[in-house]
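To start, the structure under review is shown below, and the notes come after it.
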Amino acid sequence: MKKILITGGAGFIGSHVIRLFVNKYPDYAIVNLDALTYAGNLENLRDIENAPNYSFVKGDITEETFINQLFADQSFDAVIHLAAESHVDRSILDPLSFVKTNVIGTAVLLNAAKKSWDNMENKLFYHVSTDEVYGSLGETGFFTEETSYDPRSPYSASKASSDHLVSAYFHTYGLPMVISNCSNNYGSHQFPEKLLPLMINNIVHSKPLPVYGKGENVRDWLWVNDHARAIDVIFHQGKLGETYNIGGFNEWKNIDIVHLLCNIMDKKLGRADGESAKLITYVKDRAGHDMRYAIDATKLNKELGWEPSLQFEEGMDKTIDWYLANEGWIQSVTSGSYKQYYEQQYTSR
């Protein structure tokens, strides 16, 4: 039996990875470590929380004594590290919290793994990162695994730092590792500060749809379930010491994706065509706003056989349907009431 620590498993991407591994690999023991900050929500995992191969531990990856003891007690075979502060706007307002979690937290986990794994055979530290570490592209070209790092925000700088730390532990100590850098994820269970759930929720309630600048920034969009599938493939088949880019081959300008959302939502809500688009409001651009991201996932496709399973329009339709059917989830995660319940459950851990 493999025992796998998945950090940040109560978050958006992490919860999808947890669900996939728990259901697909009943012989694996999956331990979810999450600090349950504002974006960590165990409501995301209600469907598998009683699975015999799943357990949850509440804790902070920056607390060295706690993490070292956890590794000593649990004897993990592998780590899939997703825990991170991830919202660019928040990083601009509070950069030090991003340095603490994303850099120091990663270093604490790496040290604990190094101490715990006297024999590193069949062990793995899998670090999940972002395409934002590569900086900003012009109108053409793609990020590849060979692209030089050029982070532009405190968030992307902190993730770039953590990537370099993971690589350094591989070269210095022989710690077995892989890294993946993904494009923008979309799908169910995403905290509604991010673009798509924010816009969906605001359209439902006829609130303004804030778009930075002219909305011409371009992002590559990846369905979160496809990202989880990619992590599964890389975890089991990836070559040690390698980086793999995960992208959706799916570029959209921000303003175009908002218009697409408005058109779909008008039909689903029975509104007149163009009614939701009237809610679009242009706001002052974000500081250091990268113009374009685009991932080249050819390496992952050719070497490990992964490719996206859904066309974007189909994935978008599934995503919108989930948020419309789960308005109670949005109210719960934004009210903080769920945190009080789980704090009472896990204060002793």
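Quick rundown of the values:
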| read-out | value |
| --- | --- |
| Residue within region 206-214 that is aliphatic (A, V, I, L, M), surrounded by 15 or more Cβ atoms within 10 Å (Cβ to Cβ) and outside any strand (DSSP E or B) present | no |
| Members of region 39-64 found to be over 17 Å from the mean Cα position of the chain (by Cα) and closer than 12 Å to Ile18 by Cα, listed by number | Arg46, Asp47, Ile48, Glu49, Ala51, Asn53, Tyr54, Ser55, Phe56 |
| Extreme residue, farthest from Ile61 (Cα to Cα), among residues of region 124-173 that are part of a strand (DSSP E or B) and among the hydrophobic types (A, V, I, L, M, F, W, C) | Phe143 |
| Residue in region 15-29 that is surrounded by the most Cβ atoms within 10 Å (Cβ to Cβ), counting only those that are over 19 Å from the mean Cα position of the chain (by Cα) and not in a loop (DSSP other than H, G, I, E, B) | Ala29 |
| Within region 276-304, considering residues that are surrounded by fewer than 17 Cβ atoms within 10 Å (Cβ to Cβ) and among the acidic types (Asp, Glu), the one modelled with the highest pLDDT | Glu303 |
| In region 30-50, the residues that are on the phi < 0 side of the Ramachandran plot and part of a loop (DSSP other than H, G, I, E, B) | Ala35, Thr37, Tyr38, Ala39, Gly40, Asn41, Arg46, Asp47, Ile48, Glu49, Asn50 |
| Residue count, region 84-123 (criterion: in a helix (DSSP H, G or I) and not basic (Lys, Arg)) | 24 |
| Residue list for region 168-201, filter: surrounded by fewer than 18 Cβ atoms within 10 Å (Cβ to Cβ), in contact (Cβ under 8 Å) with a residue 40 or more places away in the chain and either among the polar types (S, T, N, Q) or under 19 Å from Tyr293 (Cα atoms) (or both) | Lys194, Asn201 |
| Given (1) farther than 17 Å from Ile30 by Cβ; (2) polar (S, T, N, Q); (3) outside any helix (DSSP H, G or I), index of the condition Ser55 fails | (1) |
| Condition met for Ser162 (over 22 Å from the mean Cα position of the chain (by Cα) and hydroxyl-bearing (Ser, Thr, Tyr)) | no |
| Selection from region 289-324 of residues that are of a type in the set (D, E, K, R) and part of a loop (DSSP other than H, G, I, E, B) | Asp290, Asp296, Glu307 |
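Residues checked against (1) free of Cβ contacts under 8 Å to residues at least 40 places away in the same chain; (2) farther than 20 Å from Gly315 by Cα; (3) assigned to a loop (DSSP other than H, G, I, E, B); (4) out of contact with any Cys (no Cβ under 9 Å at 6 or more places or on another chain):
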position: Tyr244; (1), (2), (3), (4): no, yes, no, yes
position: Phe249; (1), (2), (3), (4): no, no, yes, yes
position: His259; (1), (2), (3), (4): yes, no, no, yes
position: Asn263; (1), (2), (3), (4): yes, no, no, yes
position: Lys267; (1), (2), (3), (4): yes, no, no, yes
position: Ala272; (1), (2), (3), (4): yes, yes, yes, yes
position: Ala277; (1), (2), (3), (4): yes, yes, no, no
position: Ala287; (1), (2), (3), (4): no, yes, yes, yes
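The values are calculated or read from the model by the stated rules, or taken from the named source; none is laboratory data. Quick caveat, the model's predicted, so the values are computed rather than measured. Virtual Cβ from ideal backbone geometry, glycine too; neighbours counted across all protein chains shown.
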